[in-house]
Amino acid sequence: MRSVRRVRVVAAIAAGSILAACSGDKSTSPSTSSVSLTQALSEMSRPELGALGTMAMGTSVPIGPALVPSDCSYQPSVQSFTCAPVTVGGVTVTRSYTLLTLGGTPQSQYDPTSTDGVRTNTHGKGTLTESGSTFTIDDQRELVLTGLLSSTHVLNGTSVTRVDGTLAGTGTPVSSSSTITTRIANLTLPTGAKYPTSGTITTDVTGQFAAVPQYTMHIVATFDGSSTLSVTMTGGIGTTRCSIDLSGTAKPSCA
């Protein structure tokens with residue numbers, strides 16, 4: 001049972017990384033009602049979102065640097081911009097984005113007077129090795145940022161990550177596998193706000209760790225505009241509550 005407890009605490013700490021990633025800062029929060037495409041993509045591409053893999057294994061899933069429009073080309077057949085793949089730590093990441101009008105119609109170029117949203121699609125696949133542990137990762141995610149024509153941007157999205165591997169550092173290496181599903185719902189980023197003023201991130205984890213029976217975890221975090229929030233995680237052995245400091249000045253604490 002100690003192994004399951006350890007996995008649960010690691011999951012909560014990983015949740016803290018993701019929440020801090022979505023908190024924004026002066027360089028990525030919307031500052032005017034009209035933003036550049038580079039600014040919009042930066043809002044959606046914080047590297048810490050790659051920490052989804054740690055929900056089960058304590059290893060992060062690389063998603064690459066923020067998308068740069070000049071690295072992408074428009075493909076009329078799919079009405080999207082495909083971008084050059086990048087390889088990070090053994091994981092190859094392919095990405096694309098779609099520009100959307102207020103009504104959701106795809107666009108072939110960015111227009112600050114009519115582009116209201118950006119949808120990004122990311123697929124990372126490969127093998128990571130960390131401190132003797134090896135993980136095979138398959139990660140797919142879609143994020144949609146809307147409200148670019150206004151002073152309040154709203155982020156929604158989903159991701160599904162499969163992590164299989166061998167965990168070292170505890171004597172005899174043990175096998176592990178996890179499937180992590182995350183949903184970002186109406187994460188609201190008003191002009192001038194350092195942290196989301198509303199919205200939720202919900203993560204569900206199903207996994208197997210060594211000989212421990214299959215475990216499940218359900219994690220919910222709700223934003224209210226403050227720098228401190230509570231994350232509640234429930235599973236087969238009860239409930240764990242963590243306090244997350246979005247400013248990054250303090251480590252997550254769990255009980």
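The values are calculated or read from the model by the stated rules, or taken from the named source; none is laboratory data. What you see is a predicted model, and the numbers here were worked out from it, not measured in a lab. Methodologically, a virtual Cβ is constructed for each residue, glycine included, from the backbone with ideal geometry; neighbour enumeration extends over all protein chains shown. Just the protein is used for accessible areas: all its heavy atoms, side chains included, with ligands, DNA and RNA removed. Shrake-Rupley method; radii C 1.70, N 1.55, O 1.52, S 1.80 Å.
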Pick from Thr170, Thr203: which is within 14 Å of the chain's Cα centre (by Cα), at pLDDT below 90 and not acidic (Asp, Glu)? Thr203
In the stretch 186-203, which residue that is among the small types (Gly, Ala, Ser) and in a strand (DSSP E or B) is most open to solvent (accessible area, probe 1.4 Å)? Ser198
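Results for (1) aromatic (Phe, Trp, Tyr); (2) closer than 21 Å to Gly103 by Cα; (3) touching a Leu at 6+ places or on another chain (Cβ under 9 Å), shown as yes or no for each residue.
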position	(1), (2), (3)
Glu130	no, no, no
Ser151	no, yes, no
Ala168	no, no, no
Leu189	no, yes, yes
Ile201	no, no, yes
Do any residues in the stretch 150-161 that are in contact (Cβ under 8 Å) with a residue 60 or more places away in the chain and farther than 11 Å from Arg183 by Cβ have Cβ atoms under 6 Å from those of residues that are acidic (Asp, Glu) and open to solvent by less than 10 Å² (accessible area, probe 1.4 Å), where the two are at least six apart or on different chains, and which pairs are they? Thr161/Asp139
Lone qualifier among Thr206, Thr239 - being part of a strand (DSSP E or B), free of Cβ contacts under 8 Å to residues at least 12 places away in the same chain and over 30 Å from Ala40 (Cβ atoms): Thr239
Please go through the stretch 213-242 and give me each residue that is crowded, with 16+ Cβ neighbours inside 10 Å and over 18 Å from the mean Cα position of the chain (by Cα), ordered by number. Tyr215, Gly235, Thr240, Cys242
If I go through the stretch 244-253 residue by residue, how many of them are part of a strand (DSSP E or B) and open to solvent by 50 Å² or more (accessible area, probe 1.4 Å)? 1
Selected residue [over 21 Å from Ser42 (Cβ atoms) and among the small types (Gly, Ala, Ser)] from Gly117, Gly89, Gly124: Gly89
Would you mind telling me which numbered condition in (1) open to solvent by 60 Å² or more (accessible area, probe 1.4 Å); (2) farther than 23 Å from Asp138 by Cα Gln208 fails? (2)
